[in-house]
Amino acid sequence: MPRVELGLRENLAQFALLVAINAFVGAMVGLERSTLPLIGAEDFGLSSNAAVLSFIVAFGAAKALTNLAAGSAADRLGRRRLLIAGWALALPVPVLVALAPSWGWIVAANVLLGVNQGLAWSMTVVMKIDLVGPRRRGFALGLNEAAGYGGVALSAALTGLLAAEFAPREVLVIAGVAIALVALGASMLFVRDTADHVALEQSRYADAEQPTAPSLRAAFKDASWRVPALRSCSQAGLVNNLNDALAWGLVPLFLAAHGATLAQVGIVAGIYPAVWGLGQILAGHVSDRVGRKPLIVTGMLVQAAALALLAASTGAFALAVLAAALLGIGTALVYPTLVAAISDAVTPVARVSAIGIYRFWRDAGYVAGGLVAGVAADLLGFGGAIAVVAGLTAASGLWVLVDLPARKGRRHGESLPWKRPESPPGRLSLRDSSV
């Protein structure tokens, strides 16, 4: 049996494999970025923006609830099993899209896609954190999210370009089948579970009062509102994905309404997650050195500025490209840093529950975003809807500024402390929560 060690270098082969699989996770959802809103309007004749964005609401609700369930199930069933289950559930998605006689089938396909993303992405995130230990957690998460959103970007851009030459639905279906089959095979044949790595890291907490995972109810209360380090991250994650839902579902319609071609829509849809994906590697590394809070606050405010620019652009392609790049920069600063901040604040045995609850709130942002963007667009127009979301994003950044505890008394590059203040019985076992 191979020796169990913590660290990126010590687990490089498994880590690299999980990075590659997460690129496929991202590519699976990226297929829809530049095509599905247009399929709804063109193939199914949907005239209401709220109706078109219903697929994002279904996706977000399914993914959020799956994240919540996966957090408590991972310790019982194993990370690897949930990863494989996630990819098995992805296989019917392109089939449903191909055969869909009505938009309801597309919505149903996105329920399965949400479950796929909730299981597969959650497990790749948690398994990488398990492997690397505390010292390079931000960097590891940056690599993970970079791979995932690099997959989103490449997939979105390619499907947009191919949809200009072929039927958008055919492009989505063929690529979806290929991605799901390759990722499922790799997960079954090569991925190993990381339970032993969790046990090794937890064993270093000689003084921990909580050797077992907390109950879901107790963990949910802590991560949602009782603990400032967790609740501020949860709300920021929700608002981040609220504006991502707008970028996914409304921006293609906004650009098309102002005369953009399918190729131009694909370029804008690809630039945003491309910058987001690549920027996360540096952001994760920097957050390990300077702390999580500065990057989260800055990132949320940059996202708000990008959306304000987009709202004022009247669909001009050059300004849309600039706004997409700025939105990607802001999201890159925020996305891996939030997960790292959650991981910093709890012990290893409580980590999967805390991350699952955070990801529940974060992906509930897709539900909120689909509803807010769709209804606001019907009432205020595309520009008005984008401006509303820009305001919510700025408010979220200010919330983090006020509520998230600041990092105290650590030199840059220090590992996080092992000892934490005592936690009441039944609650998440917390570390020193300054980030």
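Please pick out the residue among Ala70, Ala20 that is surrounded by fewer than 22 Cβ atoms within 10 Å (Cβ to Cβ) and either small (Gly, Ala, Ser) or closer than 18 Å to Ser187 by Cα (or both). Before you say what the answer is, go through the steps one by one.
Numbers: Ala70 fails: surrounded by fewer than 22 Cβ atoms within 10 Å (Cβ to Cβ).
None of the other options fit; the residue is Ala20.
Check every one of the helices (runs of 4 or more DSSP H) wholly within the stretch 231-341 and list those with 3 or more residues that are of a type outside the set (Gly, Ala, Ser) and within 26 Å of Phe360 (Cβ to Cβ).
On the way: elements: 251-257, 262-290, 293-312.
Output list reads 262-290, 293-312.
Can you tell me which condition Gly142 does not meet? The list is (1) surrounded by fewer than 18 Cβ atoms within 10 Å (Cβ to Cβ); (2) touching a Gly at 6+ places or on another chain (Cβ under 6 Å), and all the others hold.
Answer for Gly142: the failing condition is (1).
Hey, Leu326 hits all of (1) out of contact with any Gly (no Cβ under 9 Å at 6 or more places or on another chain); (2) surrounded by 24 or more Cβ atoms within 10 Å (Cβ to Cβ) but one; which does it fall short on?
Only one criterion is unmet by Leu326, namely (2).
Of these, Leu255, Leu278, Leu262, which one is farther than 27 Å from Ser72 by Cα, crowded, with 24+ Cβ neighbours inside 10 Å and of a type in the set (A, V, I, L, M)? Step through it out loud before you land on a result.
Details: Leu278 fails: crowded, with 24+ Cβ neighbours inside 10 Å; Leu262 fails: crowded, with 24+ Cβ neighbours inside 10 Å.
Sole residue among the options that is farther than 27 Å from Ser72 by Cα, crowded, with 24+ Cβ neighbours inside 10 Å and of a type in the set (A, V, I, L, M): Leu255.
Quick one: would you say Val290 is surrounded by fewer than 19 Cβ atoms within 10 Å (Cβ to Cβ) and over 27 Å from Asn110 (Cα atoms)? Before you say what the answer is, go through the steps one by one.
Working: surrounded by fewer than 19 Cβ atoms within 10 Å (Cβ to Cβ): yes; over 27 Å from Asn110 (Cα atoms): yes.
It is true that Val290 is surrounded by fewer than 19 Cβ atoms within 10 Å (Cβ to Cβ) and over 27 Å from Asn110 (Cα atoms).
In the stretch 22-68, what residues are more than 24 Å from Ser234 (Cβ to Cβ) and polar (S, T, N, Q)? Break it down stepwise before answering.
At the first step, the residues of the stretch 22-68 found to be more than 24 Å from Ser234 (Cβ to Cβ) are 23-24, 27-28, 30-52, 54-55.
Across the stretch 22-68, the qualifying residues are Ser34, Thr35, Ser47, Ser48, Asn49, Ser54.
Check off (1) on the phi < 0 side of the Ramachandran plot; (2) of a type outside the set (A, V, I, L, M, F, W, C); (3) buried (at least 21 other Cβ atoms within 10 Å of the Cβ) for Gly133 and give me the number that stays unchecked.
Failing condition for Gly133: (1).
Go through the residues of the stretch 187-201 one by one and say whether even a single one is closer than 21 Å to Leu91 by Cβ, modelled with pLDDT of 85 or more, out of contact with any Gly (no Cβ under 7 Å at 6 or more places or on another chain) and crowded, with 18+ Cβ neighbours inside 10 Å. Break it down into steps so the answer makes sense when it comes.
Of all residues in the stretch 187-201, those closer than 21 Å to Leu91 by Cβ come to 187-191.
Imposing the further condition that a residue be modelled with pLDDT of 85 or more reduces the set to 187-191.
In the following step, the residues that additionally are out of contact with any Gly (no Cβ under 7 Å at 6 or more places or on another chain) were identified as 187-191.
Now drop any that are not crowded, with 18+ Cβ neighbours inside 10 Å, which leaves 187, 191.
The answer is yes; a qualifying residue exists.
With the checklist (1) of a type in the set (D, E, K, R); (2) outside any helix (DSSP H, G or I); (3) touching a Gly at 6+ places or on another chain (Cβ under 9 Å) in hand, flag the one item Arg217 doesn't pass.
Going through the list (1) of a type in the set (D, E, K, R); (2) outside any helix (DSSP H, G or I); (3) touching a Gly at 6+ places or on another chain (Cβ under 9 Å), Arg217 breaks only (2).
So if I check each of Glu145, Glu165, Glu170, which one is under 13 Å from Tyr335 (Cβ atoms) and of a type in the set (Asp, Glu)? I'd like the intermediate steps shown before the answer.
Details: Glu165 fails: under 13 Å from Tyr335 (Cβ atoms); Glu170 fails: under 13 Å from Tyr335 (Cβ atoms).
Answer to the check: Glu145.
Going by what's in this entry, would Glu165 be described as within 23 Å of Ala27 (Cβ to Cβ) and in a loop (DSSP other than H, G, I, E, B)?
Working: within 23 Å of Ala27 (Cβ to Cβ): yes; in a loop (DSSP other than H, G, I, E, B): yes.
Judged against the criteria, Glu165 is a match.
Give the number of residues within the stretch 169-186 that are buried (at least 20 other Cβ atoms within 10 Å of the Cβ), of a type outside the set (A, V, I, L, M) and modelled with pLDDT of 95 or more.
0
Since Leu161 meets every condition but one in (1) at pLDDT below 90; (2) more than 27 Å from Gly279 (Cα to Cα); (3) aliphatic (A, V, I, L, M); (4) surrounded by fewer than 19 Cβ atoms within 10 Å (Cβ to Cβ), which condition does it not meet?
(2)
For the stretch 5-42, how many residues are closer than 23 Å to Ala90 by Cα and touching a residue at least 24 places away in the same chain (Cβ under 8 Å)?
Filtering the stretch 5-42 down to residues closer than 23 Å to Ala90 by Cα leaves 14-40.
Applying the additional criterion that residues be touching a residue at least 24 places away in the same chain (Cβ under 8 Å) yields 14-15, 17-40.
Looking only at that region, the number is 26.
Matching residues to (1) modelled with pLDDT under 90; (2) farther than 22 Å from Arg76 by Cβ; (3) within 19 Å of the chain's Cα centre (by Cα):
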{"residue": "Gly356", "(1), (2), (3)": "yes, no, yes"}
{"residue": "Tyr366", "(1), (2), (3)": "yes, yes, yes"}
{"residue": "Leu392", "(1), (2), (3)": "no, yes, yes"}
{"residue": "Ala395", "(1), (2), (3)": "no, yes, no"}
{"residue": "Glu414", "(1), (2), (3)": "yes, yes, no"}
{"residue": "Trp418", "(1), (2), (3)": "yes, yes, no"}
{"residue": "Gly426", "(1), (2), (3)": "yes, no, no"}
{"residue": "Val435", "(1), (2), (3)": "yes, yes, no"}
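Across the stretch 110-128, what is the number of residues that are surrounded by fewer than 24 Cβ atoms within 10 Å (Cβ to Cβ) and among the small types (Gly, Ala, Ser)?
Residues flagged as surrounded by fewer than 24 Cβ atoms within 10 Å (Cβ to Cβ) and among the small types (Gly, Ala, Ser) within the stretch 110-128 amount to 0.
Right, Ser47: outside any helix (DSSP H, G or I), surrounded by fewer than 24 Cβ atoms within 10 Å (Cβ to Cβ) and more than 16 Å from the chain's Cα centre (by Cα) or not?
On the way: outside any helix (DSSP H, G or I): yes; surrounded by fewer than 24 Cβ atoms within 10 Å (Cβ to Cβ): yes; more than 16 Å from the chain's Cα centre (by Cα): yes.
Yes, satisfied.
Kindly list, by first and then second residue, each pair from a residue in the stretch 377-401 that is closer than 17 Å to Leu255 by Cβ to a residue that is among the β-branched types (Val, Ile, Thr) and surrounded by fewer than 23 Cβ atoms within 10 Å (Cβ to Cβ), limited to pairs with Cβ atoms under 9 Å and residues at least 6 apart or on different chains.
Gly383/Thr314; Ala385/Val372; Ala385/Val375; Val389/Val372
Which residue, of Phe59, Phe15, is surrounded by fewer than 24 Cβ atoms within 10 Å (Cβ to Cβ), modelled with pLDDT of 85 or more, among the aromatic types (Phe, Trp, Tyr) and part of a helix (DSSP H, G or I)? Don't jump to the end; show me each part of the working.
Working: Phe59 fails: surrounded by fewer than 24 Cβ atoms within 10 Å (Cβ to Cβ).
From the options Phe59, Phe15, the qualifying one is Phe15.
If Gly284 satisfies all but one of (1) at pLDDT below 85; (2) surrounded by 24 or more Cβ atoms within 10 Å (Cβ to Cβ); (3) more than 18 Å from Thr35 (Cα to Cα), what's the number of the condition it fails?
Gly284 satisfies all of (1) at pLDDT below 85; (2) surrounded by 24 or more Cβ atoms within 10 Å (Cβ to Cβ); (3) more than 18 Å from Thr35 (Cα to Cα) except (1).
The values are calculated or read from the model by the stated rules, or taken from the named source; none is laboratory data. Quick caveat: nothing in here was measured; it's all calculated off a predicted structure. Glycine also receives a Cβ, built like all others from the backbone with ideal geometry; neighbour counts cover every protein chain displayed.
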